[in-house]
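See below for the structure under consideration.
The values are calculated or read from the model by the stated rules, or taken from the named source; none is laboratory data. Everything numeric here is computed off the predicted structure, so don't read it as measured data. Each accessible area value is taken on the protein alone, full model and side chains, heavy atoms only, with ligands, DNA and RNA left out. Shrake-Rupley method; radii C 1.70, N 1.55, O 1.52, S 1.80 Å.
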Amino acid sequence: LYRQLVSIYPTSKFILTVREPNKWYNSVRESNKCPSKNGKICGERKMKKYRDIFNANSTSREDFISAFEEHNLAIRDFFLRELKQPDRLLEIDLTDEKYRDGVGWAIVCDFVGLSMQQCPTQDFPHENKSKSHRGKSMEKAPLNSSSNYT
């Protein structure tokens with residue numbers, strides 16, 4: 001998808017959100033445990049969709065993590081070696097404590113060309129941080145709606 005978006009939007013910037021692979025896999029597994037109602041895809045059916053997205057061989061932890069790491073590597077490689085425009089990609093781990101208290105937002109805002117006055121000062125919003133948050137809506141950190149993000 002990122003390859004298509006780069007060709008459609010040749011001056012756009014991209015943010016690759018990453019996290020520790022085992023924590024990512026645990027989160028994917030946990031978020032796929034949901035009641036199957038209102039046509040919502042859950043459980044193994046949803047895991048198979050993830051498998052297809054990441055081109056994993058199976059839904060096993062090992063295959064998923066390997067595919068996740070390959071996916072992220074392919075994105076990095078595309079911007080660095082193929083496109084030769086690494087400045088169009090920001091990689092950030094939104095779960096890393098060093099990005100708390102608005103630091104992460106400052107990095108993102110700088111990357112997309114927003115002033116610090118337009119930038120949120122709180123932590124990044126989180127959803128699905130644990131089972132205890134299941135069903136609660138994510139508190140959104142507003143950005144200035146008049147900003148141009150392309």
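How large is ³J(HN,Hα), in whole Hz, for each residue of the range 57-73 in order, when computed from phi with the Karplus curve 6.51 cos²θ - 1.76 cosθ + 1.60 and θ = phi - 60°, using x for Gly and Pro?
So the J values, rounded to whole Hz, are 6, 7, 9, 5, 3, 4, 5, 4, 5, 4, 5, 4, 5, 5, 4, 5, 4.
Ordering ILE15, ILE75 by accessible area with a probe of 1.4 Å, largest first, what comes out?
Values: ILE15 80, ILE75 15 Å².
Listed by decreasing accessible area, they come as ILE15, ILE75.
Any chance you could look up the accessible area of THR17 with a 1.4 Å probe, heavy atoms only, rounded to 10 Å²?
THR17 exposes around 80 Å² with every protein chain in place.
Can you tell me the length gained on complete extension of the stretch LEU73 to GLN122, counting 0.36 nm per residue apart and subtracting the Cα distance?
Details: separation 49, 0.36 × 49 = 17.64 nm, distance 2.97 nm.
So the chain would gain 14.7 nm between LEU73 and GLN122.
Please compute the length gained on full extension between LYS33 and ASP101, using 0.36 nm multiplied by the number of residues separating them and subtracting their Cα-Cα distance. Please report the intermediate quantities before stating the final value.
Details: separation 68, 0.36 × 68 = 24.48 nm, distance 3.10 nm.
That works out to 21.4 nm of additional length.
Could you name the aspartates and glutamates in cross-link range of LYS49, using Cα to Cα under 16 Å and dropping any fewer than eight places away on the same chain?
Answer for LYS49, where 16 Å is the Cα cut-off: GLU30, ASP63, listed by chain and number.
Using the Karplus curve 6.51 cos²θ - 1.76 cosθ + 1.60 with θ = phi - 60°, what ³J(HN,Hα) values do you get for each residue of the range 10-19, in whole Hz, with x for Gly and Pro?
Whole-Hz 3J(HN,Hα) from phi for the range 10-19: x, 10, 6, 10, 10, 10, 9, 8, 10, 7.
Quick one: which residues, 5 or more positions from LEU16 or on another chain, have an amide H under 5 Å from its amide H? H modelled 1.01 Å from N in the peptide plane, none for Pro or chain starts.
When sequence neighbours closer than 5 places are left aside, the close amide H contacts are LEU90, GLU91, ILE92.
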